[in-house]
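The values are calculated or read from the model by the stated rules, or taken from the named source; none is laboratory data. Note that the structure is predicted; figures quoted are calculated from it, not measured. Every residue, glycine as well, gets a Cβ built from its backbone with ideal geometry; the counts of neighbours run over all protein chains shown. To get the accessible areas, we keep the full protein, side chains included, count just its heavy atoms, and leave off ligands, DNA and RNA. Shrake-Rupley method; radii C 1.70, N 1.55, O 1.52, S 1.80 Å.
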Amino acid sequence: MAQGLIEVERKFIPGPGIEERLQELGGTLEHRITFRDTYYDTPELSLMRSNHWLRQREGSGWELKCPGASGISGPHTEYKELKSEPAVVAQLCEVLGAEGQGGGGVAAVLVPLGLQEVASFVTKRSSWKLVFSGVNEEESVLKVDLDTADFGYAVGEVEALVQEETEVPVALKKINTLSSMLGVPAQERAPGKLIVYLQHFRPQDYQRLLEVNSSTED
């Protein structure tokens, strides 16, 4: 697989006063933005059913999330993020068994690979940054995004980006500690925006994902 940053994240349902709590913990508001995400897959959801998530975000291009490899269980997810179009195309071709189709950008291979739009929605987001340090550990930055989708679903996410699989356990420990400080129940598993969108608007596709139990992405 092409290399990319490893995103370790945990989703939660934001309670009242969450932004005030972030400020109390020393968090700083980086920005408030609104954007549209459009997701693509085959009619059979070949990507999502193999835990790959192809997204085009308004203003920031394409991204493919691929499953991580740490094997640590819990109420979190781990993905490699591919953002360069050649890497995205190469991985798409590998997952879909279509080697030799790549030769242009992502948009150029959508039709040859049988990919079509399966969801599109607008999100209002506030992004927060916290410098988090533990005992005898280097400081690290955790990001907290608070999202509200245009179909009414609100979800939060605590995220760390690391370079190597060996860094995942420490990142996860800090994510879980911060989640606890934010009042998130220890085993809460909040679905991502995309999953809730499919549940509401494409229930047959939602059922397909439930069959393989990989419906964890946003």
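Between residue 201 and residue 50, with labels modelled 7 Å along Cα→Cβ, what's the label distance in nm to one decimal, could you check?
2.6 nm
Ranked by accessible surface with a 1.4 Å probe, highest first, in what order do 110, 25 come?
Putting 110, 25 in descending order of accessible area: 25, 110.
When Rg is the radius of gyration of the Cα atoms in the chain and Rh is its Kirkwood radius, what does Rg/Rh come to?
0.96
Remind me, relative contact order of the stretch 123-212 in percent, using alpha carbon pairs under 8 angstrom and six or more residues apart?
19 percent
For the stretch 153-194, take the alpha-carbon Rg, divide it by the Kirkwood Rh, and send me Rg/Rh.
Here Rg/Rh amounts to 1.00.
At 18 Å minimum axial length over the Cα atoms and a Kyte-Doolittle cut of 0.5, report the qualifying DSSP H helices in the chain, or say none.
168-181
Can you give the calculated 222 nm mean residue ellipticity of the chain, where each DSSP H run of n ≥ 4 adds -39,500 (n - 2.57) and the sum is split over every residue, rounded to the nearest 500 deg cm²/dmol?
-7500 deg cm²/dmol
In debye, nearest 20: dipole of the chain around its Cα centre with unit charges on the Cβ of K, R (+) and D, E (-)?
Dipole size: approximately 420 debye.
Residues of the chain: accessible area per residue at 1.4 Å, in Å²?
So the chain comes to 48 Å² accessible per residue, rounded to a whole number.
Which loop-located GluC sites (Glu not before Pro) does the stretch 79-128 contain, where loop means any DSSP state but H, G, I, E or B and the Cβ has at most 12 other Cβ atoms within 10 Å?
Answer by residue number: 99.
If you average the sequence gap of Cα pairs under 8 Å that are 6 or more apart and divide by the length of the chain, what percent do you get for the contact order?
Answer for the chain is 29 percent.
Each residue of the stretch 34-49 in turn: what ³J(HN,Hα) in whole Hz from Karplus with 6.51, -1.76, 1.60 and θ = phi - 60°, glycine and Pro shown as x?
Values, residue by residue: 10, 8, 10, 10, 10, 9, 10, 6, 7, x, 8, 6, 4, 6, 4, 5 Hz.
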